[in-house]
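Since the structure comes first, as structure tokens, the remarks are kept for the end.
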């Protein structure tokens, strides 16, 4: 089991087949010990969508227009690896059931500051192939109306706007199709499906290697940085020269070069700075962007001090070369096999990179 917490330590246990989820708030208990979040009354569940500041892929959806339809509400933010791995299933449900009356609404509630930017969300929607309606929830009005706590989170509403099913995090996908069919049948739709659409999960969307995943989400910003190993310690709000130990302890990380640690990110002030992490996972990702929008920054990745070769991720070549363009999650390592700790390193050839968080798979 792996539970990814926003601004909380990682918790782990031995229970099998448990969804991975990310909590937004810092004072929440573990997923197992926390009660299921309260959900709004029937009218409130649909009228909550009135809090959207913008709609993408659709004109504004209203409670009146949605009554009598089955509605699937999916809370997401575009850099969340847990949500990215649910996206193939969302696409399949949308394409399979929309003609029968299902309305899938993705509520985009941002985690990082750059995810408030509508242009960034629009670009992510296009690149990720998100083809269902998206409600922009920058002020968390819809989130609060549902008393939601997780990315990703799914709420399934019947034709009267009542929440009939909810689930949080990755996994348990097989239960959603029958639930959708059941509610469609209640509305008088013929929702029998002999064969579910095949779900193709490739690249960043492929399921994590849960059996070998021993590293977890790690924030780089000053406010929530854990297991930081540069001997200089953390310095908030000022350029500071950092060094990285030659060998890191498991799940520790370090900066090298001159960086400014901000509350939510670290920004490189001069070329040829780097960041390193000792991890145990198949995949390693970095959420990163640049301080000046639309100003690319080049980087070079290493794995145990060498070019990654066949272990390179989608966003680098086999020599480890890549470029930061707009702020998003970058897959830097995807190994053919997992079984031991590795030391990851990245050198940024240009200044101005902003690094937010590591995630793994």
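The values are calculated or read from the model by the stated rules, or taken from the named source; none is laboratory data. Predicted, not measured: the structure shown is a model, and the values here were computed from it. Methodologically, a virtual Cβ is constructed for each residue, glycine included, from the backbone with ideal geometry; neighbour enumeration extends over all protein chains shown.
Go over the candidates 246, 229 one by one and state the one that is in the same structural domain as residue 269 (by TED's automatic domain parsing) and in contact (Cβ under 8 Å) with a residue 12 or more places away in the chain.
That would be 229, the only listed residue that is in the same structural domain as residue 269 (by TED's automatic domain parsing) and in contact (Cβ under 8 Å) with a residue 12 or more places away in the chain.
Over 14 Å from the mean Cα position of the chain (by Cα), under 19 Å from residue 183 (Cβ atoms) and in contact (Cβ under 8 Å) with a residue 60 or more places away in the chain: which single residue out of 70, 105 fits that description? Show your work before the answer.
Details: 105 fails: in contact (Cβ under 8 Å) with a residue 60 or more places away in the chain.
None of the other options fit; the residue is 70.
Among the residues of the range 125-170, which ones are surrounded by fewer than 20 Cβ atoms within 10 Å (Cβ to Cβ) and under 21 Å from residue 329 (Cα atoms)?
Passing the criteria: 125, 126, 127, 128, 129, 131, 138.
State whether one or more residues within the range 164-171 are outside any helix (DSSP H, G or I), more than 19 Å from residue 50 (Cβ to Cβ), touching a helix residue (DSSP H, G or I) at 6+ places or on another chain (Cβ under 7 Å) and without any contact (Cβ under 8 Å) to a residue 40 or more places away in the chain. Steps first, answer last, please.
As a first pass, look at the range 164-171 and keep what is outside any helix (DSSP H, G or I): 164-171.
When the remaining residues are screened for being more than 19 Å from residue 50 (Cβ to Cβ), the result is 164-171.
The next check asks that each one be touching a helix residue (DSSP H, G or I) at 6+ places or on another chain (Cβ under 7 Å); those that pass are 164-165, 169-170.
Okay, now just the ones that are also without any contact (Cβ under 8 Å) to a residue 40 or more places away in the chain, so 164-165.
Yes.
State all residues of the range 204-259 that are part of a loop (DSSP other than H, G, I, E, B), under 22 Å from residue 271 (Cβ atoms) and within 23 Å of the chain's Cα centre (by Cα); if no residue qualifies, say none.
Of everything in the range 204-259, those that are part of a loop (DSSP other than H, G, I, E, B), under 22 Å from residue 271 (Cβ atoms) and within 23 Å of the chain's Cα centre (by Cα) turn out to be 220, 221.
Go over the candidates 357, 270, 351 one by one and state the one that is assigned to a loop (DSSP other than H, G, I, E, B), at pLDDT 95 or above and under 30 Å from residue 122 (Cα atoms).
Step by step, each of 357, 270, 351 is checked, and only 351 is assigned to a loop (DSSP other than H, G, I, E, B), at pLDDT 95 or above and under 30 Å from residue 122 (Cα atoms).
Of the residues in the range 139-174, how many are farther than 26 Å from residue 67 by Cβ and over 16 Å from the mean Cα position of the chain (by Cα)?
3
Here are some residues: 338, 295. Which one is under 23 Å from the mean Cα position of the chain (by Cα) and either exposed (fewer than 15 other Cβ atoms within 10 Å of the Cβ) or part of a loop (DSSP other than H, G, I, E, B) (or both)?
338
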